[in-house]
1. Within straight cross-link reach of K433, meaning Cα distance under 12 Å, which aspartates and glutamates are found once same-chain residues fewer than 8 apart are removed?
2. Apply the Karplus curve 6.51 cos²θ - 1.76 cosθ + 1.60, θ = phi - 60°, to the phi angles in the range 221-234 and return the couplings in whole Hz, x for Gly and Pro.
3. How large is ³J(HN,Hα) for each residue in the range 309-321, as worked out from phi by the Karplus curve 6.51 cos²θ - 1.76 cosθ + 1.60 (θ = phi - 60°), to whole Hz, x for Gly and Pro?
4. For the range 304-350, which whole-number percentage of the solvent-accessible area (1.4 Å probe, protein heavy atoms only) is attributable to carbon and sulfur atoms?
5. Rounded to whole Hz and in sequence order, give me ³J(HN,Hα) for the range 60-70 from the Karplus expression 6.51 cos²θ - 1.76 cosθ + 1.60, θ = phi - 60°, writing x for Gly and Pro.
6. Taking the simple approach of a point 7 Å from Cα along Cα-to-Cβ for both E111 and E413, what is their distance in nm?
7. Cross-link list K30/K333; K264/K312; K300/K439; K179/K428: which exceed 29 angstrom alpha carbon to alpha carbon?
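The values are calculated or read from the model by the stated rules, or taken from the named source; none is laboratory data. All values derive from a computational prediction rather than experimental measurement. Virtual Cβ from ideal backbone geometry, glycine too; neighbours counted across all protein chains shown. SASA here: full protein model, heavy atoms, side chains in, ligands and nucleic acids out. Shrake-Rupley method; radii C 1.70, N 1.55, O 1.52, S 1.80 Å.
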Amino acid sequence: MVNVAHVAVLDPEVEIREVCISLLDNLGYKATGLESAEALWRLLETEPVDLVLMDLRLPDQRGLELLQRLKQFWPQMPVLILTAYASVGGAVDAMKLGAGDYITKPFDLEEMRLLLQTWLHRLNVENEHRQVRENGPKRSGLGNLIGTSPAMQAIFRMIVKVAQNRYPVLLLGESGTGKELVGRALHYQSAHRDRPFIPVDCSSLVPTLIESELFGYVKGAFTGAHRNHAGLLEVASGGTVFLDEIGELPLDLQAKLLRAIQEKEIRPVGGTRRIPIDVRLVAATNRDLQVAVAQGSFRKDLFFRLNVVNIKLPTLRERVSDIPLLVEHFLEKYNLPGQPAKSFDAQAMAQIMRYSWPGNVRELENCVERAVALSSGPEMQLGDLPSPLREWNASMPISGSGIHGIRSLAVIERDAIQHAMGVVKGDKLLAAKLLGIGKTTLYRKLKEYAYLAATPPNLEPLASPLAPQPAPLAHARSAGLSNL
């Protein structure tokens, strides 16, 4: 059961207390209104408080003195300041004593809502991250797959069930969600785990090479064929062939693959003799193959043959609770032997949890590896994250503006490519034409932004996976005053 954060609202004005309590109730948090420092101390003695929102003017004690005492006994508890004075001097004093932020009265309701959302979300993320670090990551998973979210647990159950038969499996999901890892888990959970597992990237080889790799060739079949060469479908006898990006397979090779599946035999290029095969096929794609069938770029009969069992992998946006576990795993993976263990501070971790992760787990791994490589100390901060991640603001749509209305060219370019790939359902050639760039340039950009393949079909505008979502404070901040 999720614990609801408890906020103490300390203000001598009853109207202010009622407004803040009503706002917190609407956000789903518990709130207690208090009118004096003494009342706050009584509350703290009887029940836990996660955050204090307090006025600097109190009837029984100076606000700065109370703040100092609170930070002495509860140094980790955020304290936000309400003040009727807009003087920078008072704010600086409060920040030096450990206040997290401040807001001047009279305040705008939206401004207050954003302030509370930001700090309560940050508190939740920090507590979750601390719990993971103290207890160690729960490596509940299968093979190299990590996750405790309901979505991943359902995937694990499906893998265990499906692995016991030899039916073809079609893996669906965005780029970077771990389709090859699922394919390997299917193989190594089966009774044929001691046989080969052979991955083939159908998008990285020219059609003639894919045909030769899958089906093999005989000596003299073409220039350079100086000897017989066994195809991967033959080499993997008794094992599994993983066909990645099956949607990129040319139509003529689709027909030959369909025949191999139906007849359980292959004919090498240039050969006349048919060779029996006994392999399990696991195909993967981030394209909508039903759309491809309708467009005539993918054979309907092959789709039905491959789609005996299909597994849809969740995006990282759909399994946000797994992010701390994945971050811990990648930190352990990329920390150098003999070096102090590295970790992200609360602000960096909060941004990692907020980000939309269009490249999914692969992009997260790249982010952690980069941060470990470039950071100078054991605790990595917001500045150690890649610029697109640092500038990401989950409260804004793709077409919105970044900090102060300015978005970097890299972010604009990435969003344009992502949008184009979604509109054309992952068709790289058409996307390149719409964007006015060459196909080679598009491939390079996709890899540069960690997509490594087409953006999935039916792309919706990226929204934050968490609720409530923090957003930048509407009021201006003087340099050095805010910890956000």
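1. Partners within reach: none.
2. Once θ is set to phi - 60°, the couplings for the range 221-234 become 5, 7, 4, x, 7, 8, 7, 5, 10, 6, x, 5, 5, 8 Hz.
3. 10, 10, 10, 9, 7, x, 6, 5, 5, 8, 9, 4, 5
4. Ligands and nucleic acids excluded, carbon and sulfur give 53 percent.
5. 10, 6, 5, x, 5, 5, 5, 4, 4, 5, 4
6. Result: 3.8 nm between the two label points.
7. Working: K30/K333 40 Å; K264/K312 27 Å; K300/K439 27 Å; K179/K428 20 Å.
Beyond 29 Å between Cα atoms: K30/K333.
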